[in-house]
Structures are given as C-alpha cells and as structure tokens.
Amino acid sequence: MKIRNTILLLGIFSIVILISAQIIIIRGVWQQKDEMFNLRYRLLSQDALTVMERQWSTDGFDTVRILLNAKSEMVLKKLTELKEDTLTAEKKQAIFEYVTYVLNTQEDLSQFLSRWFQRRGFDKDFKSKIVINRFELINFDKKIPVYLNDEFANRQQPQRTDTLRTGSQPASGPPRFRTGQSRRSSEILVKIYGAEDNFYRLDFVYYIDFSDKQKIVLRETSASLALSIFSIFLVVTLFLITYKNLMEEKRLSNLKTDFINNMTHELKTPLSTITVAGKTLELPLIRSNEAKILETAKMIGKQSVHLNQLINMILEISMWERTQFQLDKKKVRIEDLLNDIVESFKSGGGNGASIIQKYNFKDMEVDLDIVYFTTLINNLLSNAVKYSDKDPVIEIEGFAENNYVNVKVSDNGIGISKNDQKHIFDKFYRASTGNIHKYKGLGLGLYYVKKIAEAHGGDVTVTSKPGKGSIFTVTLPY
C-alpha cells in the first residue's frame, strides 16, 4: 500500500511539473506571437505613413487642421471682442469635445491604412483610437490652455516634491479633463502627432485597435497549444496505463504467492496422511489386524486420489495456457446429465447439502464434453458447500432461452463482495475477509469453470450479496 501511494504521488508530481512547464512554454509562445503581431502592424503602418507623406504630401489630418484652425480663430475673436483672456470651464469642455469629434470623424488615415493592409493580405478590420494629450489656443505670443492630459503633463514638467509625496494634482496649472479612455493590450501605437497652426497647438496619439487580435494570436499559437495538450494527454494516459499494469502485476504476484502457499498446504495434507498411514502399517499390532490394514489402505488410496487430482488440475491449466481446449463433444440430454451429476455429488462430497432441482429443458439435447461439463457443475456445487456457514441449501435451475442453455446454481452461502466479483474468475484468485482466507482452496475452481464455459462457446456470470448467497449462471449454446 505504501509503495502504491508513493508511486501515485510521484506520478502526480511529475504530471504537475509537466503541465506547469507546458503552461510556461505556451505563455512564452503567446507573448512572442502577440509582440510579432504588434510589430507587424506597426511596420506596415509606418510604411503607409511614408507613402502618404511622399506621394500625397499628407498625413491624413489636413481637413482636421483646417477645421480646428477656423474654430480656434473664431473663439479667439470672441475673446477679443469680450476683452477676456481666459476661458470658463464650460467653454473649455465644449471646445475639447469639438476637437475630439473632428479628430475622430474628419481624419483620412484610418481608411488609407485599411486599404493598405488589405492590399498586402492582412486583416483590415480595426478601430482607430485617438488620445489627445494637449490642446491650447494661440493668440499671438500668448497661449490659452484648453486641455492637458495628466500623463502628458507629468512627462513635460517635473512635479513638485509635495505633489509626488501625496499623489495629488498640482495646485496651479491648466485645467484637465479625463476622457475615460485607457490603453488596452490590443491597441497598437502608429504615430505621435504634434501640430501647431496659426491659432492653436494640438498634441495627440493615434492608435489602431484590433478587436479580434486575441483570436488571430490564438490561431497562430494553435499548433503549439494542440501539441502541448496532446503531450500532456499522452503522458497522463501512459502513466495511468503503466500504473494500472504495475498494480495488476503486483496483484498477480500476490495471487501467485498465495497460490504457492495454498498449494503447499494442500499437497502437504495428503502427503502427511500417507506418510503416517505408511508408518502405521509397519506396527506389529496393525499387521496382525486385517481390518486395520484395510482401513489404512483405503485412507492411503483416498489421499492418493486427492493428491493426483491436485496435480492433474495444475497440469491441465498449464496445458490450457499453451494450447486450445480439445473437447470431445457428444449429444446428451442435459437434464439427465445434470441429474446424474447431482446424484454423484450427493453420494460423494455433498456433506448433507440440500439440493433442489428445477429443469425446463423438454428432453433437449446439447453438444457437450461430458467430463468437462461434469467438472464445471461439480466445482460450482463444491463452492456452494464450502462457502456456506450454515446448512447448505443449493438450488439448480435449468432452462433454454434464445438458442442458449442456462444453468443457474444458487446457494445460501456467505456471498461475494462487489470487489471480489470482479476477480473471482481470475487464476489463483480467492475471495477473502480482510487479509485472512477462512476457506481452503487453490483459487482455481472458478477459473476452471470459466475456461470450460468459454471453450464450449458460452460464458458464466455471478450475482451475489455478502450474507445473501450467490447465483452462478452458466450459458452455453445448443
């Protein structure tokens, strides 16, 4: 048990390490593909911008500049008429919203990039995103601030010591509005713009955002992902198969050890009896008593037969494993054969068992090897007597159904647990209570029964509950 648990824990630990290593590898591949995706579109975008500037002498924001310059001139004109040199927060907000609207609706760069990507065989579906860093009006040599992005402001000028310490906004400076936009992993930087015209100054950043970027990266990493999953599945499967085979080998080894111990015990009993009987015959008192000599001789003969049966059983099973069964089938009336087997069992080793017979064969004849079939039924009857902790009551029921002959042998014995039912037809297996085998045997009787049934083209099954007895059903074709 300790060895099995150790092997299981080592196997699980190894699998966990493998899965962790595969996760790290896949994560690295994913990050590499993600970076390659960003680099690919960044380079494509730079090529597109170069073509626009050289061939068309534009950066895609010409209309934006015209509209913003006109708007800025109008605002400054009104301020001059009102003799004001500052803007209220409401007016700044309105100007900022107008600048945002113009940038997002009047630019031509997005359409050009989309066509550029498509002509080169890449995904053309993306969303543009423009982040404004700064916008201010210019009235001759005077600048009137409208909007300043916090991050941009921090990069442009150092904060005061108290601001850095507390994390609060500077007490003075231009007003700032938050756009509610944050950088996402799917956004790719194309260009940082700084535009200054007659009446305004504008700094902004242009991004392209691929909403299906994760799907594209997943598609590119699918081969590595599939290989990792397959390798994990293969290793887990091999481990389970190896572990199962190891446990099976260990179980068979234990069964063989039990068999050797049981066989030694079974052989020792008749040999000891024969040895004692032989020494008894040497006694002068016994040699002069003819009745004692006859009784001792019968005892030696009985034990010799038992010893010969044990040896023959081992030899026959060894022969079955090397070669196929050689059955000598004959047409027999199965009901008559079962009656003969039961009568012989009662007179031989029945041990006072009460046997009830119920047959519905209607003079049916079946092709059977009489010797092997007799051995099959005898083994089931012997087990019914052996594994009974009270007066054994055995019921044999026989009937034909769907071109098969069915023989059910029921008993009132100790029953068989669910776990033991899985193995009782295995060679050398013996059902036990805990680790103590209460009943003697070699663990070959039911194995013998199974082999004989299968050799006839049939099968044998069992249903049982501990303490409620067992029902063995032999099914043979006819």
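For this structure, a couple of remarks:
- Among residues of the range 72-96 being in contact (Cβ under 8 Å) with a residue 60 or more places away in the chain and not polar (S, T, N, Q), the one that is nearest to Glu196 (Cα to Cα) is Glu73.
- Filter result for Gln159 (surrounded by 12 or more Cβ atoms within 10 Å (Cβ to Cβ), under 30 Å from Ala48 (Cα atoms) and at pLDDT below 75): no
- The range 453-478, residues that are polar (S, T, N, Q), under 18 Å from Asp426 (Cα atoms) and either free of Cβ contacts under 8 Å to residues at least 12 places away in the same chain or surrounded by fewer than 21 Cβ atoms within 10 Å (Cβ to Cβ) (or both): Thr461, Thr463, Thr473
- Pair list, Cβ < 9 Å and 6+ apart or interchain, from the range 202-227 residues that are assigned to a helix (DSSP H, G or I) to residues that are among the hydroxyl-bearing types (Ser, Thr, Tyr): Lys213/Ser185; Lys213/Ser186; Gln214/Ser185; Gln214/Ser186
- Residue match in the range 153-160 (condition: assigned by TED's automatic domain parsing to the domain that holds Lys191, more than 22 Å from Gly194 (Cβ to Cβ) and not aliphatic (A, V, I, L, M)): no
- All told, Tyr372 meets the bar of being touching a Phe, Trp or Tyr at 6+ places or on another chain (Cβ under 9 Å), of a type outside the set (A, V, I, L, M, F, W, C), over 15 Å from Pro477 (Cα atoms) and in a helix (DSSP H, G or I).
- Any chance Phe373 is among the aromatic types (Phe, Trp, Tyr) and surrounded by 19 or more Cβ atoms within 10 Å (Cβ to Cβ): yes
- Candidates Asn104, Asn69, filtered to the one that is under 29 Å from Ser186 (Cα atoms), assigned by TED's automatic domain parsing to the domain that holds Tyr193 and in contact with a strand residue (DSSP E or B) (Cβ under 7 Å, 6 or more places away or on another chain): Asn104
- All positions within the range 132-152 that are within 22 Å of Lys78 (Cα to Cα), buried (at least 21 other Cβ atoms within 10 Å of the Cβ) and not aliphatic (A, V, I, L, M): Phe135, Tyr147
- Filtering the range 425-450 to residues that are crowded, with 21+ Cβ neighbours inside 10 Å and at pLDDT 85 or above leaves Leu446, Val449.
- Check on Asp212, at pLDDT 80 or above and either of a type outside the set (A, V, I, L, M, F, W, C) or closer than 15 Å to Arg40 by Cβ (or both): no
- When Ala384 is tested against the conditions (1) at pLDDT 90 or above; (2) touching a strand residue (DSSP E or B) at 6+ places or on another chain (Cβ under 6 Å); (3) closer than 26 Å to His306 by Cβ, the lone failure is (1).
- Among the residues making up the range 48-77, a single one is exposed (fewer than 12 other Cβ atoms within 10 Å of the Cβ) and of a type in the set (D, E, K, R): Arg54.
- Any hit, the range 260-271, residues being over 30 Å from Gly60 (Cα atoms), assigned to a helix (DSSP H, G or I) and modelled with pLDDT of 80 or more: yes
- Of all residues in the range 106-142, those satisfying the criterion of being over 29 Å from Phe37 (Cα atoms) and either of a type in the set (Val, Ile, Thr) or modelled with pLDDT of 90 or more (or both) are Arg134, Phe135, Glu136, Leu137, Ile138.
The values are calculated or read from the model by the stated rules, or taken from the named source; none is laboratory data. Here the structure is a predicted model, which is why all the values come from computation and not from measurement. Here Cβ is always computed from backbone atoms with ideal geometry, including for glycine, and neighbour counts include all displayed protein chains.
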